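Worksheet: one structure, shown below.
The values are calculated or read from the model by the stated rules, or taken from the named source; none is laboratory data. These numbers come from a predicted model, not from an experiment. In this analysis, Cβ positions are derived from the backbone assuming ideal geometry, glycine residues included, and neighbour counts consider all displayed protein chains. In case anyone asks, the SASA skips ligands and DNA or RNA and just uses the protein heavy atoms, side chains included. Shrake-Rupley method; radii C 1.70, N 1.55, O 1.52, S 1.80 Å.
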Amino acid sequence: MYLSELKLWNFRKYGGSEWDLEKPHLIVPFNRGLNVLIGENDSGKTAIIDAIKIVLKTHAFEWIKIVEDDFFSGSDKLRIELLFKGFEPEEAKNFTEWLGWELIQGEKEEKAIPILRLLYQVEYDKVNRRVLPSDISAGMDNVGYSLNAEVKEYLKCTYLKALRDADSELNAKRNSRVSQIFQGHDLFKERDGRPHKFVEDFKKLNDAIEFWFSDDKSSGDEKSNKEQIKDIIDYFLHKFINESIESRLFLTDPDIKAILEKVTLGIANSKNLGLGTMNRLFMAVELLHLRKQWDGLKLCLIEELEAHLHPQAQMKVINTLQEEENIQFILTTHSPNLASKVDIENIILCHKNNVYSLDKGYTKLENADYKYLTTFLDVTKSNLFFAKGVLIVEGWSEEILLPVVADKIGLNLTAHEVSIVNVGSTAYLKFAKIFLRNSKEGEVLDVPVAVVTDLDVQPTDDGVFDFNQQKNKKSKIEFNVGDLTDSRVTLNIAKEWTLEWCLYKSTSLGEAFRQSVSEVHHKTKSFQKGETGWNENFERTLISKLKKGKGSSPLDKVAVALKLAEKMKRSKVIIDENDDYLRYLLDAIKHVCRK
């Protein structure tokens, strides 16, 4: 079985003035295997994890309860619902009194599958400022029936907090996490009423220790063990109490729980291990627990998996988790490294009090797009999952120049938390589709995204363009992108040909662009400026280099962009916002910086 869906009403930031059980304030769908909650700070990732943990409780015997701050501002009741599917017969038998049934279409006919719906509704007494007692129930109506203690044990989850004290949890102590996990393992179960071998061996050791303290044999001038320790303790006991009192020195009672609480887990032949290694060791022992053979829930919640792990370690861990079968993981992350290694269909974006699954069927990505993004969505491009605005560009020149252009019009991209995603080709559509929804009617992923692309219609060698050819190419690009009406994705196409041509024709940056080209290609006579102005062949040569025509070396676009960016930073270049050739860039920047 696995957690299929979470619904929230008035829980923390997910709430509203309306209370309607048919309209939850948040619905989160989950996959059977790995689920990664991604989003900027304060986007509600932890609230989702905590809601699950509050209902299910954890194997670590944590004290978890609803408090006043869990209620949405001004509300006096909250509700959490969890829906479980995918039951094996051995799992379903534990919940027969509470199961419901869902009809699904099979290959030939409809069939009913078992589902379990947990309900937890809590009210707050505003007068006395206290949370009223409540309990978990289950059922297909809106009230359900209370769960007994045994059933709740089958529903507990494993939880790893962000700043986990792995060193403390792995050391021997009362109720250590290691002892809890080992106690639940079949290897440590006592069978047929006989003591576990650990207990028998420990009793022998206990007897030997007790005998050592009671040994009254002396050696030469040295007093016996008994005389040096026990007799002295007994002397004072006789004085303090009476002559009939006698001390006994021994180890703790030999039961399996007490023995396992003395176990410390570490790395062989290593000392003073760092937090990263200890965290991975802690996760490894939790996976031992989740892999045990039992008929209960196998769900692991992990907050900020990347805590104390360097990028390569993060990738090794997430790859391992993706390979695990029969264990469901729900984790949060702020790491682009992790995001780049996770299959995109396992990602759930958290943004502006809502969540957006990127699983198949929820976006306009096609199967081929998912395969493409699995290969090409690298660490740098994965920044788009954490941004408040996204600029998707075709190449390095746009990536270099757009932040400087934005600064010149008073819009700092970093301050607006905008990411530039350089796709290095015309594959921008595959990345834009991440933000195009295909699920609920009218659902919009409220992240402003601007696609910046060249028109790619070449002029004649004299710089003359075919108007109809330009119009047809623009229509083709728009058709390929599709309808963007119900989205915050915009398409921003160059007025003519390429970025470099638009910079050349720009009334704001044209002169600085020519200077940059001249400095980069200083050996090209046509790019030199004389006393009377620029060489009359400048434009023809530029066209030839942009076309990469026969016998002509291409324009070094990146070097020119770097030179132009330096000039813009150093000089007081003023960008005219009515500049026709820069308008597509300015519109893109303004769109992604708009809240």
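Here are some notes:
- Long-range neighbours under 9 Å by Cβ, at least six apart or interchain, first residue outside any loop (DSSP other than H, G, I, E, B) within region 572-585, second modelled with pLDDT under 95 and surrounded by fewer than 17 Cβ atoms within 10 Å (Cβ to Cβ): ARG583/GLU577
Let's see how each residue does on (1) closer than 23 Å to ALA559 by Cα; (2) free of Cβ contacts under 8 Å to residues at least 40 places away in the same chain:
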position	(1), (2)
TYR370	no, yes
ASP378	no, yes
PHE385	no, no
LEU391	yes, no
GLU394	yes, no
LEU413	yes, no
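- Here ARG129, ARG174 are screened, and the one residue that is under 30 Å from HIS308 (Cα atoms), open to solvent by 80 Å² or more (accessible area, probe 1.4 Å), more than 31 Å from the chain's Cα centre (by Cα) and in contact (Cβ under 8 Å) with a residue 40 or more places away in the chain is ARG174.
- The single condition from (1) at pLDDT 95 or above; (2) under 23 Å from GLU399 (Cβ atoms) that GLU577 fails is (1).
- Members of region 124-150 found to be touching a Phe, Trp or Tyr at 6+ places or on another chain (Cβ under 9 Å), of a type outside the set (Ser, Thr, Tyr) and more than 20 Å from GLU88 (Cβ to Cβ), listed by number: ARG130, VAL131, LEU132, ASP135, ILE136, GLY139, MET140, GLY144
- Looking across region 476-532 at every residue that is of a type in the set (Asp, Glu) and modelled with pLDDT of 95 or more, the one that is nearest to LEU365 (Cα to Cα) is identified as GLU496.
- Within region 403-443, the only residue that satisfies the criterion of being open to solvent by 50 Å² or more (accessible area, probe 1.4 Å) and of a type in the set (A, V, I, L, M) is ALA415.
- Close contacts from region 462-473, counting a first residue that is open to solvent by less than 60 Å² (accessible area, probe 1.4 Å) and a second that is assigned to a helix (DSSP H, G or I) and among the acidic types (Asp, Glu), with Cβ to Cβ under 8 Å and a gap of 6+ residues or different chains, come to GLY463/GLU539.
- All positions within region 311-345 that are open to solvent by 40 Å² or more (accessible area, probe 1.4 Å) and more than 16 Å from the chain's Cα centre (by Cα): GLN312, GLU323, GLU325, ASN326
- If the condition is being free of Cβ contacts under 8 Å to residues at least 24 places away in the same chain and in a helix (DSSP H, G or I), then region 522-542 contributes LYS525, SER526, PHE527, THR541.
- Set LEU265, LEU251, LEU290: member being open to solvent by 30 Å² or more (accessible area, probe 1.4 Å), closer than 18 Å to GLN180 by Cα and not aromatic (Phe, Trp, Tyr): LEU265
- Sub-7 Å Cβ pairs linking a first residue in region 252-277 that is within 14 Å of PRO195 (Cα to Cα) to a second residue that is open to solvent by 60 Å² or more (accessible area, probe 1.4 Å) and among the hydrophobic types (A, V, I, L, M, F, W, C), at least 6 apart or interchain, are ILE256/PHE198; ILE259/PHE198, ordered by first then second residue.
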